[in-house]
Amino acid sequence: MRARFAGVGHYVPERIVRNQDLESIMDTTDEWIVERTGIHERRFVREGEGTSEQGLHAARAALKAAGLTPQDIDFIIFATLSPDYMFPGCGALLQEKLGCGTIGALDVRTQCTGFVYGLAVADSMIRAGMYRRILLVGAETQSMGLNLSTEGRDMSVIFGDGAGAAVLVAGDDDGPGVLDTVLHSEGSHAKELWMEVPTCLVPTTRTIELVNEGRHFPQMNGREVFKHATRRFVEAVDEVLARIGKTRDDIDLLVPHQANKRISDAVGERLGLPPARLVQNVQRYGNTTAASIPIALSEAIEQGRAKPGQLLILVAFGSGFTWGASAVRW
Ligand code: ACO
């Protein structure tokens, strides 16, 4: 047995924030953002909407696509770096919102690589015979945590909100499904892309001091991230291809984490993939971290770009650093 995608769905908030809207609240330009990132617009939630709520909409869409109900699900995996609360995790909140009994719910915290890690966990559980139907969600509410002033402009123009979900079911070994996954991390680069506060390294009574110093905003060394991302994306794709005995020419569709169009373009170029075999929607949603792969996959399916029998590669890199890739027979 292995995990097969039975249904994929996504949700993005209604509110569209264009680069021109950001021009009015910080010192930036549409031209700078488009040239450096390829992003034209992103979605921001309304206050109070949050990550589990977005995940709920995406989960319902995925369940509908799979022709299943919440009661059919055996287990929930929820990937996010922007949970509603420090604890409990969004998985348990989604279990309650969906009303799917007292099934287990696991939160995955590997940032932009969360969906790929979650997929590996789901596939392993299904292969082990532990569960037959798993709901995997990637959802993010970035907008509430960004520094939307000129000081935070290098980060805040890149990120957006949204959610994607997949229903994974037990499939036959010789049918469609997850063929293999590779996962990596390198914590020596933790501070190249991180959010320091809230932290449990100091008593919570001192958190306010750190917040006053602006240390609760995400920080990124953009150039280091760019350098490592372009290298690790390609390595992960090659590694998973080697494990399944395939080559770059065999890739029908690459669904990369939508970090930034320049990163995806560079990866596509290094892999020798024409645009038709590379999914890109960062232009419309910005970087939605753990949600970006399932949103991109969901749109690719809607557009008829993922066809039965094709080889899809899902690949991600992000904070940690973490990176990984899954090979999927569609
Ligand atoms: N608008 C206008 N100017 C800006 C902005 C902005 N939003 N942000 C930074 N600048 C300015 C800087 O202040 C700097 O000005 P200075 O020359 O007067 O000092 C100038 O633009 C150049 O800044 P750099 O940081 O050197 O710009 P760079 O060309 O490296 O581009 C960027 C920055 C886009 C972040 C780039 O490094 C990059 O693409 N990095 C990859 C990071 C990424 O995509 N992360 C996504 C999240 S991680 C992930 O998902 C894998």
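The values are calculated or read from the model by the stated rules, or taken from the named source; none is laboratory data. In this text, all values refer to a predicted model and were calculated from it rather than measured experimentally. Cβ coordinates were reconstructed from backbone atoms using ideal geometry, including for glycine residues, and neighbour counts include every protein chain displayed. Side chains included, ligands, DNA and RNA excluded: accessible areas come from the protein's heavy atoms. Shrake-Rupley method; radii C 1.70, N 1.55, O 1.52, S 1.80 Å.
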Inset, instruction - Give just the number: which of (1) open to solvent by less than 50 Å² (accessible area, probe 1.4 Å); (2) among the charged types (D, E, K, R); (3) within 26 Å of Leu148 (Cβ to Cβ) does Asp180 not satisfy? - result: (3)
Legend entry - Failed item, numbered, when Leu273 is tested on (1) within 20 Å of the chain's Cα centre (by Cα); (2) crowded, with 18+ Cβ neighbours inside 10 Å; (3) farther than 20 Å from Ile33 by Cβ: (1)
Legend entry - Lone unmet requirement of (1) of a type in the set (Ser, Thr, Tyr); (2) over 18 Å from the mean Cα position of the chain (by Cα); (3) buried (at least 21 other Cβ atoms within 10 Å of the Cβ) for Ser298: (2)
Inset, instruction - For the range 38-49, state whether one or more residues are of a type outside the set (A, V, I, L, M, F, W, C), part of a helix (DSSP H, G or I) and at pLDDT 95 or above. - result: no
Inset, instruction - Kindly establish whether Glu186 is within 16 Å of the ligand (Cβ to nearest atom) and surrounded by 15 or more Cβ atoms within 10 Å (Cβ to Cβ). - result: no
Inset, instruction - Answer yes or no: is there a residue in the range 289-299 that is part of a helix (DSSP H, G or I), at positive phi and touching a residue at least 40 places away in the same chain (Cβ under 8 Å). - result: yes
Inset, instruction - Name every residue in the range 156-169 that is within 11 Å of the ligand (Cβ to nearest atom) and open to solvent by 10 Å² or more (accessible area, probe 1.4 Å), in order of residue number. - result: Ile158, Phe159
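Answer yes or no: is there a residue in the range 74-82 that is of a type in the set (Ser, Thr, Tyr) and closer than 28 Å to Leu179 by Cβ.
The answer is yes; a qualifying residue exists.
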Legend entry - Close pairs (6 angstrom Cβ cut-off, 6 or more residues apart or separate chains): under 18 Å from Pro88 (Cβ atoms) and within 16 Å of the ligand (Cβ to nearest atom) in the range 33-58, open to solvent by 40 Å² or more (accessible area, probe 1.4 Å) and not aliphatic (A, V, I, L, M) anywhere: none
Inset, instruction - Report the residue count in the range 197-247 for those that are open to solvent by 80 Å² or more (accessible area, probe 1.4 Å) and without any contact (Cβ under 8 Å) to a residue 40 or more places away in the chain. - result: 13
Legend entry - Residue satisfying all of: in the range 111-151; part of a strand (DSSP E or B) and aliphatic (A, V, I, L, M); nearest to the ligand (Cβ to nearest atom) among these: Ala139
